[in-house]
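Readers should treat all values here as calculations from the given coordinates under stated rules, not as data from a laboratory. Predicted model, so just to flag it, every value in this text is computed and none were measured. Note: ideal-geometry Cβ built from the backbone for every residue, glycine included; neighbour counts use all protein chains shown.
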Number of protein chains: 2
Amino acid sequence: MEEFSKLAEEASYQEDEERDPESNNLHQPLIKRNLTLSGNQLAIVGTKVSHIESLDYEINENDLFKQDWRSRSKVEVLQYVFSKWLLAFLVGLLTGLIATVINLAIENISGYKLLAVVKYIEQERYLMGFVYMAGANFLLTLVAAVLCVCFAPTAAGPGIPEIKAYLNGVDTPDMFGATTLIVKIIGSIGAVSAGLDLGKEGPLVHIGSCIASLLGQGGTDNYRIKWRWLRYFNNDRDRRDLITCGSSSGVCAAFRAPVGGVLFALEEVATWWRSALLWRNFFSTAVVVVVLRAFMEYCKSGNCGLFGKGGLIMFDVSGVSVRYHVVDIIPVAVIGVIGGVLGSLYNDLLHRVLKVYNVINKKGKLHKLLLSLSVSIFTSVCLYGLPFLAKCRPCDPSLLDSSCPTNGKGGNFKQFNCPEGYYNDLATLLLTTNDDAVRNIFSINTSTEFNVFSLVIFFVLYCILGLITFGIAVPSGLFLPIILMGSAYGRLLGIVMGPYTNIDQGLYAVLGAASLMAGSMRMTVSLCVIFLELTNNLLLLPITMLVLLIAKTVGDCFNPSIYEIILELKGLPFLEANPEPWMRNITVGELADVKPSVVTLSGIEKVGRIVEVLKNTTHNGFPVVDSVNGATELHGLILRAHLILVLKKKWFLRERRRTEEWEVREKFTSIDLAERGGNIDEVTVTKDEMGMYVDLHPLTNTTPYTVVESMSVAKAMVLFRQVGLRHMLVLHKHQAAGVSPVVGILTRQDLRAHNILSAFPHLEETRGPKKGN
Amino acid sequence: MEEFSKLAEEASYQEDEERDPESNNLHQPLIKRNLTLSGNQLAIVGTKVSHIESLDYEINENDLFKQDWRSRSKVEVLQYVFSKWLLAFLVGLLTGLIATVINLAIENISGYKLLAVVKYIEQERYLMGFVYMAGANFLLTLVAAVLCVCFAPTAAGPGIPEIKAYLNGVDTPDMFGATTLIVKIIGSIGAVSAGLDLGKEGPLVHIGSCIASLLGQGGTDNYRIKWRWLRYFNNDRDRRDLITCGSSSGVCAAFRAPVGGVLFALEEVATWWRSALLWRNFFSTAVVVVVLRAFMEYCKSGNCGLFGKGGLIMFDVSGVSVRYHVVDIIPVAVIGVIGGVLGSLYNDLLHRVLKVYNVINKKGKLHKLLLSLSVSIFTSVCLYGLPFLAKCRPCDPSLLDSSCPTNGKGGNFKQFNCPEGYYNDLATLLLTTNDDAVRNIFSINTSTEFNVFSLVIFFVLYCILGLITFGIAVPSGLFLPIILMGSAYGRLLGIVMGPYTNIDQGLYAVLGAASLMAGSMRMTVSLCVIFLELTNNLLLLPITMLVLLIAKTVGDCFNPSIYEIILELKGLPFLEANPEPWMRNITVGELADVKPSVVTLSGIEKVGRIVEVLKNTTHNGFPVVDSVNGATELHGLILRAHLILVLKKKWFLRERRRTEEWEVREKFTSIDLAERGGNIDEVTVTKDEMGMYVDLHPLTNTTPYTVVESMSVAKAMVLFRQVGLRHMLVLHKHQAAGVSPVVGILTRQDLRAHNILSAFPHLEETRGPKKGN
């Protein structure tokens, strides 16, 4: 949520020069949106643009890179491979450790809180109990929200959409910093302990990615370890791989599902995937599992306070013999259909709520805080108050002695306000941690435990909470709220269907949760494996698959997945896998024509012109064109960052000449070139220097990917996304002397469906249902 | 094996015209290997070239396609989507059913065979028993081998490498035909029932792919269903997707591992992968599992003869409580290291054996048959004779009454030649089906059952059989032989380590099998999930992961995976995922220069020239270049198949003019254009017609992917593979009037490391260890 207002805020105090062609806001028309040399510089001041840069996943093959690469010895290559694996190991290790700490903290904080509340209730001091609980929740939420609002606005929310965008090539600012990491950890502990309807699963994915990113660059921006080996990782490609590792480790840590984690990264998060990546991700998640397992071994001996066996959701139903017949396919299909409908409905409603929240959050930090705290108070009221509505139910005589009723932190039969020998089924579900609530509702062979009335209240409550909680300014995951909602309706359905099927009510709850997840998040294989690893029962696999497939299919009929909706809301220029069908009807040449004419540089360029071009345009890449015997020749593409570097280092020549190899190597290292950013305003060039020359050849990427102007946008987009480009050069298809070979440059923004449609409204007519799937 | 000689045979009776630039044999130098218009046609007669074509995964965006696409209504798009899913369903259904039939047949044939043998042994008619067994095995092998040798040589072997190559863009001829399918089914039943050391797993993958391919094209080449909906699938892209579905269904059917099947396709088989494909594959495997489950339900009631509970390997160890401590990591690591070493050793030895077999098989059909039959006899001798070496062991008194000793088909304690109350442990492993042998050796809580001596004999025997059996002319899978070898050494290691660990010997056997698989096949995630689904015990996951990772890492130090070795042996031009590092030092321009100069056509071309070009070159694509006001302009690329179609349909013009849209549509449909092949010699053009013109514009793919000549080969290869190209046009980087814009065309063969190195030997020096992983 934080993000929305942030983008707008930031835009206003951005300097003109920092704006770039990729940083177009979602709803801005494509045409004439960039400054050209001839344009009026004032025209765009105040235009709303966010500062989102694209990443350079393409290898920048300039002379320096090639030399550097050629001089790399075998030992250095081995160092590189070894450090890749070492980093994968560290990502797994640290993610596992941090997940452990988070789990320990949450279970202990919320455990002691609940114990105190139970004590007040035992003494029938109900009001005091409420005040205590609401107060504790309020304080915990306050800590989480203040941290998020003041120090790291990017830490709010799940973070998964931004990671998805990063791996697609969009660099959301401040997403993977050290502050974000710390705020996310503490904020997540606070928010989950506060009993809010949110999970630690999404935040763990973000935490894993932050760790990966920080490790890859050797520390925070201010305190970096200058380890020589790490310099190989100073590029966007290797960071992308590491962050993929981080996200799968995060999922693995959240659900103790190593295979599920890898598949989640593959199916939902990553845009590019290679076999080698599969393997390295798998290694990271294996490390996470080993860490978690060691930690749980250790806690079994009672060293972890109230942690006990809880904390890591694990609904081990491996002991249950699952029996079902062909007839059972019907209720399973019903669950799937309902899950799909409810899931897409949830997506739609959440979308609306987020829009409203967006307006509130934009009003300032105080509004954000107030919103978060109101939700906290509302949650406390409901969790504490609603159980009074439920009737006390007598304990099953066989259980009477030990496990019913209970007054501790966990337990399946909470006594709450009931007399001895009775329990309150709604309190069992509400007055507990979210993880325990899921465990209780998933519990098997307890077909008479929950009353329909209690389940309905639980379901409705969590539908409301699920909608209003997600958008507040604290770290929040979507998995758990959806699991809670889904399990409630699944169990309800189980009660309704009870007489007709063999499937246990607990399994109905599991299937309900799975169906709602598939209906909202639209994942299949990864969800299936996560549920398999959670339930530890392979016999459930076929029906889980069926439920997931049906729910996803039904959901896809109505709207896109929740992550896509959030991406759209945040205005992140995510590039879809499949081009729209109407993109075949337009060529890249037509697209390049409506953009302002491209600014090219000569191979040996005057310093004055470089400064002028950098000051007056916002492009991040410039074609370098040579003139040889009257014919023009494309030499390559040079990045803005490298031009600024040349100006900063004052690598100027008195005469117009080509430089030698040693001259470049004397001045620049590949580490210099890997640094991003730098602002043209920081550079001072004297008037004398303005008349000097720069040889751009050695710094130019001589092998940019190009397309001919007659290429259809659909195919160009496939190239753009498959190869992971930032700039795509469009070349003339006809050969004529004296004409620049470059028609234009296309970037991510130019290839987005929305932007193309706003420039070519007539394409809308040919819009049809999307092929591809 | 079949394949090697076949390629050579075929080449000799290929007409010159059928040869094409892609069809270069592995060890042929790149330079001047193609005919040019100016070249001597006789020069290449007799050159060894195999007829392997590349596939057109790129969308051929010519005018006709665009019109066809534009006229596609919403209903048709829905039809397309629906039939995609329907086909995925049918692939799953049919694969499941055929797997069922194969399992039933194998279990019954080999079951009755074994029962008869046991009867002879009971009567102490040992020689008669041997004659019966060897005879039956001989006959069964004969059936399988004759079918393979005479009718479908492509059905021999596992088929997985060819599928891998197909999905990479290489069309091995006769790979997915109806004859191949039938021979593969019957041959697989015969070979497995004959007790040969091979599995039905690999063949099932091939069978699944065959089914997918046949369904996609609506039947066999001769008898096709002309269902209108199927015409949408008449392209290489959709067939690729379907065959991916087929291969994952096959793995699923082999191991009853739906998730493992999908991951196998993803990790090992497929080159291109999309999220949508993941989902569709998952659907297919879900269908397979449901079919298998229904069939097993049905068989439980005894309707399936000797099938019983067997047939589908499933080592359900979910009941075992797996306990291990940190100390147990050491033996697990040892298993991994040994697995890696043995696996790569196996790869190396198998490579040598296959080379020898290649020489034998080339000598003719009879030699192939004799080789297969000798292996069969050798196998029979060993399986029957070796158990006599083992000592009889007394049954455990607690088991005496029922399960020890047994004389039936299955059972863990075979009596064989032993007195009552004793069993022969080697006979338990050898005189049984391969599936039962695996089940026996995996069996848990039976630490005293197998003697070290017996296990050593078993291990050595299966090492020998595993090496000599794979290359014979019958359908054979590699999974089972490797599992047998691996489980033997795993169990041996378990006995050695016994006093020091808590891990059961059965689990050692499982881990041994996993490690050898990883050491030889180099898969990780998919193997892990397959083993997870086989053993149905999630607690095994962390140690399985560890074993797989270690074994793969160790194996990778020595040689490539077994499938890559086979691909290389078969000379299939597989394009690797990562370019070699030295490919950065050469540009596509240099590469295009050593090829004969490219043949271009004009947009409106004389019929005579088209015929001449087609007759005198072997290219499959020609750039179409227009001349506009003195400047040349690239219009696109036209395929040989489409040129032949024009000649066949005699779509000629009397004058040099552009045609109208309706003229093309009158003559051609998109179905015509989708057909491949056609031979220029089948076309007769009169002398009068030779002087007429053809307007090539509407049939030209106007949007071919192009690269500028300065592009490095490394980057061009990334483009080629990521986008799935067949032809890549190389353009001039400088602009000059009157020069053809096209420098050359690169194909798959031109980008293969071996071919580049033979043309540019100096690059070899810069060869270093491969980056990328």
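Could you tally the net charge around B:Asp688, taking each other residue with its Cβ under 15 Å from the Cβ of B:Asp688, Lys/Arg +1 and Asp/Glu -1? Could the numbers behind the result be given before it?
Values: positive: B:Lys606, B:Lys650, B:Arg654, B:Lys687; negative: B:Glu655, B:Glu689.
So the environment of B:Asp688 carries a net charge of +2.
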task = Arrange B:Val259, B:Val646 by Cβ neighbour counts within 10 Å, fewest through most, would you?
result = B:Val646, B:Val259
ask   = What's the average, rounded to a whole number, of partner chain beta-carbon atoms within 10 Å of each residue's beta-carbon in A:722-731?
value = 2
message = For a bin width of 5 Å, list the pair-distance distribution of region B:581-766 built from all Cα-Cα distances, rounded to whole %.
response = 1, 7, 15, 18, 18, 14, 11, 8, 4, 2, 1, 0
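Neighbour counts of other C-beta atoms within 10 Å: give me A:Asp197, A:Asp593, A:Asp171 arranged from fewest to most. Mind dumping the intermediate values first?
Working: A:Asp197 27, A:Asp593 14, A:Asp171 20.
Least to most surrounded, the residues fall as A:Asp593, A:Asp171, A:Asp197.
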query = For B:Leu601, what charge total do you get from the other residues with a beta carbon under 12 Å from its beta carbon, if Lys and Arg give +1 and Asp and Glu give -1?
reply = -1
message = Using only Cα atoms and rounding to the nearest 10 degrees, what angle (0 to 90) does helix B:479-497 make with the longest principal axis of chain B?
response = 40 degrees
request  = Would you mind working out the magnitude of the charge dipole of chain A relative to its Cα centre, with +1 at each Lys and Arg C-beta and -1 at each Asp and Glu C-beta, to the nearest 20 Debye?
outcome  = 360 debye
request  = Taking chain A as the reference, fit the longest principal axis to its C-alpha atoms, fit the long axis of helix A:178-193 to the helix C-alpha atoms, and give the angle between the two in degrees, 0 to 90, nearest 10.
outcome  = 20 degrees
task = Give the distance, in whole Å, between the Cα centre of region A:259-295 and the Cα centre of region A:66-126.
result = 14 Å
ask   = Based on DSSP H runs of at least 4 residues, each adding -39500 (n - 2.57), what is the mean residue ellipticity at 222 nm of the protein assembly as shown after dividing by all its residues, to the nearest 500 deg cm²/dmol?
value = -17000 deg cm²/dmol
request  = Could you give the size of the charge dipole of the protein assembly as shown about its Cα centre, using +1 on the Cβ of each K and R and -1 on the Cβ of each D and E, expressed in debye and rounded to the nearest 20?
outcome  = 300 debye
query = Convex hull volume of the Cα atoms in chain B, per residue, in Å³?
reply = 164 Å³
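Treating only the Cβ of Lys, Arg, Asp and Glu as charged (+1, +1, -1, -1), what charge dipole size does region A:76-147 show about its Cα centre? Round to the nearest 20 debye.
Working: 4 positive and 4 negative charges, 16 e Å.
So the magnitude is around 80 debye.
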Listed residue (A:Leu729, A:Leu757, A:Pro623) projecting farthest to the positive dipole end of region A:581-766, Cβ model = A:Leu757
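Select from region B:646-699 those trypsin sites (Lys or Arg not before Pro) which occupy a DSSP coil region and have at most 10 other Cβ atoms within 10 Å, ordered by residue number. Mind showing how you got there, number by number?
Details: sites: B:Lys648, B:Lys649, B:Lys650, B:Arg654, B:Arg656, B:Arg657, B:Arg658, B:Arg665, B:Lys667, B:Arg676, B:Lys687; in loops: B:Lys650, B:Arg654, B:Arg656, B:Arg657, B:Arg658, B:Arg676.
Passing sites in region B:646-699 are B:Arg654, B:Arg657.
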request  = Please arrange A:Cys382, B:Cys404, B:Cys148 by counting, for each residue, the other beta carbons lying within 10 Å of its beta carbon, fewest first.
outcome  = A:Cys382, B:Cys404, B:Cys148
message = Which residue, B:Phe470, B:Gly589, B:Ser83, has the largest displacement toward the positive end of the dipole of the protein assembly as shown when charges sit on each Cβ (Lys, Arg +1; Asp, Glu -1)?
response = B:Phe470
message = Tell me whether the protein assembly as shown comes out rounded, prolate or oblate; compute the Cα gyration tensor, take square roots of the eigenvalues as a ≥ b ≥ c, and use a/c under 1.5 as the rounded threshold.
response = oblate
request  = Return the ratio Rg/(2.2 N^0.38 Å) for region A:536-613, where Rg is computed over Cα atoms only.
outcome  = 2.07
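Add +1 for every Lys or Arg and -1 for every Asp or Glu among the other residues with Cβ under 12 Å from the Cβ of B:Leu516, and state the total. Each step should come with its number before you reach the end.
Details: positive: B:Arg522, B:Lys552; negative: none.
Residues close to B:Leu516 contribute a combined charge of +2.
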query = Can you tell which of B:Ser398, A:Val683, A:Leu142 lies farthest toward the positive end of the dipole of the protein assembly as shown, using +1 and -1 charges on the Cβ of basic and acidic side chains (Lys, Arg; Asp, Glu)?
reply = B:Ser398
ask   = Which angle between 0 and 90 degrees, to the nearest 10, do you get for helix A:236-255 versus the longest principal axis of chain A when only C-alpha atoms count?
value = 0 degrees
